[in-house]
Structure formats: structure tokens, C-alpha cells
Amino acid sequence: DAHFNLGFAALLAGDWIRGWKEFAWRWGTPAQSPFARRFDRPRWTGEAGRGRTLLLRAEQGLGDTLHFVRYAPLAQARGWRIVLEAPAALLPALARTPGIDAFVVQGAALPAFDAEAPLLDLPGIFGTTPDTVPADIPYVTPDPARVAAWREMLGPKTGKRVGLVWGGNPAFPGDRWRSPGLAPLLPLLAVDGVEWLGLQVGPRRAELRDRKLPASFRDVADALGHMGETAACLAHVDALVTSCTAAAHLAGAMGVRTHLLLSSAPDWRWMLGRPDTPWYPSLRLHRQALPGDWAFPVAEIVAAMR
């Protein structure tokens with residue numbers, strides 16, 4: 001646990017060479033035990049493939065998978081045939097992602113493979129630093145047929161069109177710190193000339209209940225059955241405003257302009273102090289000045305939108 005936490009701290013501070021090494025200790029912690037699967041084939045360490053098959057597997061959340069699937073082309077370039085194991089909800093969004101030869105739904109029977117690697121091991125394998133992040137974006141592109149369907153569904157724009165997400169998975173440890181909820185974001189809805197699309201799914205969508213919102217806000221979450229639909233919807237927005245969620249990673253992987261709300265103790269990938277991130281050039285980071293106080297980052301976004 002101490003090594004794992006040290007890895008988080010080093011990554012947060014931008015010391016990624018040390019950070020990836022310490023982050024690998026996660027496999028010995030109780031929190032990671034559900035992901036610590038054992039195989040009778042070797043863990044990949046970066047060697048050439050010579051036509052053999054490499055299983056890359058989703059390890060944690062949807063956002064983590066979207067974040068690190070960018071490494072698939074790098075592994076493929078070393079001579080491997082790449083099979084990606086990922087959650088079913090993500091596969092429609094990833095169908096056109098480069099570097100992947102085949103997909104398998106997480107939990108289904110695995111095809112034959114010669115080596116395997118969890119996606120979150122790949123930055124360490126490739127020795128990624130803040131100056132060498134692979135950011136060939138977009139690496140997620142939506143289905144053109146679904147993009148066309150969303151164009152028809154949304155109709156003509158009435159102003160700048162901005163998506164809004166106010167919470168992540170409530171089962172995630174620490175979600176109460178990273179997810180502001182809808183109420184602190186209401187000042188955004190007062191910005192003139194913006195057509196808002198509510199993209200919030202899951203339990204936090206209930207925060208819309210019994211709340212009177214301006215006519216400029218439209219909830220479209222009923223149509224977001226999987227991340228492929230969300231990607232097709234994001235193809236029609238001028239920007240996304242979101243907390244630290246899978247939607248942020250999807251938008252970043254697509255190159256969609258995104259305003260990301262971060263708590264005063266952010267996840268390691270966002271580092272400290274900076275308003276941008278090498279992972280996603282289209283993201284702008286808006287950080288809490290005080291723990292639990294979302295007023296400052298919301299005011300920053302309001303000013304940016306105006």
C-alpha cells in the first residue's frame with residue numbers, strides 16, 4: 001500500500017519514471033485484487049511480437065480504458081496482433097480505434113493469446129513522461145451512421161451547443177470529492193447563447209427531478225445506451241463541461257473541447273497546478289481553490305464561455 005500510494009504521489013507530481021515503477025505495486029494491494037488475474041502466459045514487458053497475439057485488457061473503469069487504449073498502436077508497431085478485452089458498453093465507441101485487430105467483451109471466453117498486459121501497465125512499459133505522451137488525437141471516432149442519427153435527433157443549433165455531466169460513478173471511492181453534483185453548476189446555465197445538453201447517466205441523473213431548469217437545457221440521457229451513442233452525440237457539441245468522468249476521457253480522445261472540473265485533490269493523471277494536460281490537448285482544467293468549494297472553477301468556466 002505504501003509503494004502504491006507513493007506511485008500516486010510521484011505521478012501527481014510529474015515524476016513519472018519513478019511513478020510507473022511504484023504504481024506497479026498496485027497488484028499487491030487488497031483494493032486491486034479483483035483486477036489481479038493470473039494467466040499461464042507471460043506478462044508483456046515490451047518485447048517484439050513477430051506476429052504473435054497480445055491480449056490488452058481493461059483493468060479498472062471506463063475512463064481508464066479510454067485513456068490508455070491509445071497505446072494499442074504502439075504495441076502493434078512492435079509486431080503484435082492486438083486483442084483488446086474491454087467492457088461491452090465501450091466496444092461501440094472503440095470499434096474504429098487504431099491498433100486493435102480484434103475485440104473480446106470483458107467476462108467472455110478469451111481467444112488464444114501469447115502474452116498479456118493490463119492497459120495501465122502500458123505507460124510504464126513505454127517509459128512515458130509528461131513530455132512523451134502519445135497524443136495522436138482523435139483516436140476515438142464515432143460511427144458515422146449514429147452521428148447522422150444524432151444530427152437528426154438534435155435538430156438545428158440555437159446557439160453554442162455544450163454538453164453537461166455533473167457526476168461520475170458513485171461506487172468509486174472518493175466520488176463525493178470529485179463529483180460536484182448539479183446544484184453547484186447551475187450558474188453555467190445562466191450563460192446567454194448556450195444550448196445545453198444533459199449527458200448525465202446513472203443515479204446522479206435523479207438530481208434533475210423536481211428542479212426547474214431553463215428552456216436552454218435539454219436532457220438527452222435516455223438515448224445514451226452505450227458509449228458509442230455518447231461519442232456520436234459529442235460529435236455535435238461545441239464543448240463539454242464535466243467533472244472527472246469517463247465522458248471527459250471520451251471527449252478528450254475525440255479532440256472535443258472540454259472544461260474539466262477538478263477537486264483540490266485530483267486524480268494522479270491531472271497532476272498539480274497546470275490548466276492543461278499532455279494526455280488530451282483539447283481539455284482545460286479548472287481546479288478547486290479550496291476543498292469542497294466548486295464556486296471558483298465554475299466561475300472560471302462561466303468567464304471562459306462568455
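The values are calculated or read from the model by the stated rules, or taken from the named source; none is laboratory data. Given the structure is predicted, the values throughout are model-derived calculations rather than measurements. A quick note on method: Cβ atoms are made from the backbone with ideal geometry, for glycine too, and the neighbour counts reach across all protein chains shown. Areas reflect the complete protein model, heavy atoms only, side chains present, ligands, DNA and RNA absent. Shrake-Rupley method; radii C 1.70, N 1.55, O 1.52, S 1.80 Å.
I need the full set of residues from segment 59-106 which are part of a loop (DSSP other than H, G, I, E, B) and touching an Asp or Glu at 6+ places or on another chain (Cβ under 6 Å), in order please. If you could, list the steps in order and put the result at the bottom.
So in segment 59-106, the residues part of a loop (DSSP other than H, G, I, E, B) come out as 59-61, 77-80, 87-90, 95-101, 106.
Residue satisfying the conditions is Gln106 alone.
Residues in segment 287-306 that are over 17 Å from Leu240 (Cα atoms), touching a residue at least 60 places away in the same chain (Cβ under 8 Å) and assigned to a helix (DSSP H, G or I): Ala295 alone. Annotation: of all residues in segment 139-185 being part of a loop (DSSP other than H, G, I, E, B) and hydrophobic (A, V, I, L, M, F, W, C), the one that is farthest from Met227 (Cα to Cα) is Leu182. In the condition set (1) over 25 Å from Asp40 (Cβ atoms); (2) modelled with pLDDT under 95; (3) of a type in the set (S, T, N, Q), Thr141 is compliant with all but (2). For Thr129, are the conditions met, namely being more than 30 Å from Ser216 (Cβ to Cβ) and of a type in the set (Ser, Thr, Tyr)? For Thr129, the condition - more than 30 Å from Ser216 (Cβ to Cβ) and of a type in the set (Ser, Thr, Tyr) - is met.
Restricting attention to segment 202-212, does a residue exist that is open to solvent by 20 Å² or more (accessible area, probe 1.4 Å), closer than 13 Å to Val162 by Cα and not in a loop (DSSP other than H, G, I, E, B)? No, segment 202-212 contains no residue that is open to solvent by 20 Å² or more (accessible area, probe 1.4 Å), closer than 13 Å to Val162 by Cα and not in a loop (DSSP other than H, G, I, E, B).
Whenever a residue of segment 131-143 is in contact (Cβ under 8 Å) with a residue 40 or more places away in the chain, its partners that are among the aromatic types (Phe, Trp, Tyr), lying with C-beta atoms within less than 8 angstrom and at least six residues away or across chains, give the pairs Val133/Trp279; Pro134/Tyr71; Pro134/Phe126; Ala135/Trp279; Ala135/Tyr280; Ile137/Tyr280. The C-beta contact set for segment 223-251 (first residue over 14 Å from Trp150 (Cβ atoms), second residue among the acidic types (Asp, Glu) and open to solvent by 20 Å² or more (accessible area, probe 1.4 Å), distance under 7 angstrom, 6+ apart or interchain) comprises Cys244/Asp267. Number of residues in segment 130-161 that are among the β-branched types (Val, Ile, Thr), open to solvent by 30 Å² or more (accessible area, probe 1.4 Å) and closer than 30 Å to Leu272 by Cβ: the value is 2. Among the residues in segment 8-16, are any modelled with pLDDT of 95 or more, in contact with a Gly (Cβ under 6 Å, 6 or more places away or on another chain) and under 23 Å from Thr97 (Cβ atoms)? No; the residues of segment 8-16 include none that is modelled with pLDDT of 95 or more, in contact with a Gly (Cβ under 6 Å, 6 or more places away or on another chain) and under 23 Å from Thr97 (Cβ atoms).
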